[in-house]
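A.B. asks: I am attaching a structure below and will ask some questions about it afterwards.
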Amino acid sequence: MTPPTTSDLVVTGGTVVSHDGRRRQDIAIRDGRIVAVGDDLAAAGVPTVDATGLLVLPGLVDMHVHLREPGMTEKEDFASGTSAAAAGGVTTVVDMPNTKPPVATAERFRQKLDLVKNKAYVDFGLYGMLDHDNDHEIAAMAELGAMGFKLFMGQTTGDNRCPNDAAIFRGLEAAAAAGLVVGVHAENDHLLRMFGDRLQACGRRDPRAHLDGRPDFVEVEAVTRIITMATEAKTELHIHHLSSAAGLQRVMDLRARGHRVTVEALVSHLFLDEDAYDTYGNLIKLNPPIRPAADVEALWAGIGRGDVDIIATDHAPHTADEQKEDDVWKAYGGFIGVETMLPLLLTAAAQGKLTVEDIVRLCSYTPAQRWSMSTKGQISAGFDADFVLVDPTAEFVLDQTSLHSKHNVTPYNEWPLTGAVVATYLRGNLIFEKGEVIGAPAGRQVIPARTPLATH
Ligand code: DOR
Ligand code: ZN
């Protein structure tokens, strides 16, 4: 019998950072899994990766990407989007269902799996959609390994229709029965449309009209309503891209009354504020919007207190032409981000705004725990050997032409950053190094541990 510590790869000399500390340790890997973490694991005849002087982080788990398959591959596809992920140290992505058509039935879920399964350079989970009339499809999508279900309370890219409250409640009940998380885009659709109509009637076309049409109480109302309903339906609830100080305060108030919910902040909501409309125009149109500096500060304070549970990107590509649109009402919401998340957060760490341990907790450990990815998010024996080598002191100026998405337009172009991804490994295999994505696409579907599939 093979002794359990026999390995086929050892990472030596690096500082392994976890969600609660860091230590100089070696990592021994066998068949894509970590078999040991400890001192002096190098062995004769076993290849080594020399990580001296580098940090070794668990691969990031980005809970919020839009890779646009099927139906919008002119914007991005699984190959290009997961290449960008690999280059950004992200080894697991969870893809959103607001595609054309939306992934709202088991049949479409199966078709999407078929479509993307051989194209991904990193592992991926798929969300199903919770739409206006599909509660009867939820259990079957869970059987196929859905990570959870996305509920759009406010309209955004794609053909999705926002469900009414009765449909929402039925969907919440079905997701609770399946034991899966519902992730919500919490903005009140009726109010958004009304404010949008008013601003258009006044002749507003400028980028800032997007912010004026989405005041924070629109988020507060939707957060309150969905948390109230999810508690009643006993659903595991996650608020995607919570964007306002008032929205976060409402979540904290409701948590204090016993409601259970997790909260996500977006990189974009942490690094851009209202002034950015003057610089970047409609490129930074985002739903929910980039908000005043006080909201940005409140999100950072929430991270400091532990009230924000995860950070994600909302990687939401559009074509370069679409991103040039001058009329705010015709412009699309969202922009790329999966490749720039880690360098931006490392830059914030270099500035003392959070620690690298916080980055691991917010971007690897907690997303993996929350969505029951039992082999992801930690550098420990038994976990997948997904890790990223990081040079936290590397200073560089971001050049968007070096990015791997189909359309590389980002507001962070030419930003000076501190902290670079040196190499990324997926299940023990090198998938990114020195600016290049390496090897064939070998990403696999990730299934939450609690679904029937995973226990078979
Ligand atoms: O701005 C956004 N764009 N927000 C979303 O929630 C969706 C996304 C998209 O799919 O384009
Ligand atoms: Zn999104």
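The values are calculated or read from the model by the stated rules, or taken from the named source; none is laboratory data. Small disclaimer: the values here were computed from a predicted structure and weren't measured. Using ideal geometry, Cβ is built from the backbone for each residue, glycine included, and neighbour counts are taken over all protein chains shown. Surface areas here come from the heavy atoms of the whole protein model, side chains and all, with no ligands, DNA or RNA. Shrake-Rupley method; radii C 1.70, N 1.55, O 1.52, S 1.80 Å.
A.B. asks: For residues in region 314-336 being more than 11 Å from ligand 1 (Cβ to nearest atom) and in a helix (DSSP H, G or I), which is most open to solvent (accessible area, probe 1.4 Å)?
C.D. replies: Result: Lys324.
Every residue, every condition in (1) surrounded by 18 or more Cβ atoms within 10 Å (Cβ to Cβ); (2) within 19 Å of Ile27 (Cβ to Cβ); (3) among the charged types (D, E, K, R), yes or no:
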{"site": "Glu357", "(1), (2), (3)": "no, yes, yes"}
{"site": "Leu362", "(1), (2), (3)": "yes, no, no"}
{"site": "Thr366", "(1), (2), (3)": "yes, no, no"}
{"site": "Trp371", "(1), (2), (3)": "yes, no, no"}
{"site": "Val388", "(1), (2), (3)": "yes, yes, no"}
{"site": "Leu398", "(1), (2), (3)": "yes, no, no"}
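A.B. asks: Among Lys119, Lys112, which is touching a residue at least 24 places away in the same chain (Cβ under 8 Å), open to solvent by 30 Å² or more (accessible area, probe 1.4 Å) and basic (Lys, Arg)?
C.D. replies: Only one candidate passes the filter, namely Lys119.
A.B. asks: Taking Ile311 as meeting all but one of (1) hydrophobic (A, V, I, L, M, F, W, C); (2) in contact (Cβ under 8 Å) with a residue 12 or more places away in the chain; (3) surrounded by fewer than 24 Cβ atoms within 10 Å (Cβ to Cβ); (4) more than 15 Å from ligand 1 (Cβ to nearest atom), write down the number of the exception.
C.D. replies: Result: Ile311 fails condition (3) only.
A.B. asks: If you go through region 150-173, how many residues are more than 16 Å from ligand 1 (Cβ to nearest atom) and open to solvent by 20 Å² or more (accessible area, probe 1.4 Å)?
C.D. replies: Residues flagged as more than 16 Å from ligand 1 (Cβ to nearest atom) and open to solvent by 20 Å² or more (accessible area, probe 1.4 Å) within region 150-173 amount to 6.
A.B. asks: When region 51-73 is examined, which residues are found to be open to solvent by 40 Å² or more (accessible area, probe 1.4 Å), among the β-branched types (Val, Ile, Thr) and within 16 Å of ligand 1 (Cβ to nearest atom)?
C.D. replies: Thr73
A.B. asks: Can I ask one more? Within region 164-268, considering only strands (runs of 3 or more DSSP E) that don't extend past its boundaries, which have at least 3 residues that are at pLDDT 95 or above, within 16 Å of ligand 2 (Cβ to nearest atom) and of a type outside the set (Phe, Trp, Tyr)?
C.D. replies: Passing ranges, in order: 181-185, 262-266.
A.B. asks: Quick one: which strands (runs of 3 or more DSSP E) sit completely within region 2-50 and have at least 3 residues that are open to solvent by 20 Å² or more (accessible area, probe 1.4 Å) and among the basic types (Lys, Arg)?
C.D. replies: Output list reads 21-24.
A.B. asks: If you take the residues of region 257-306 that are open to solvent by 40 Å² or more (accessible area, probe 1.4 Å) and of a type in the set (Lys, Arg), which of them is nearest to ligand 1 (Cβ to nearest atom)?
C.D. replies: Among those residues, the one meeting the criterion is Arg260.
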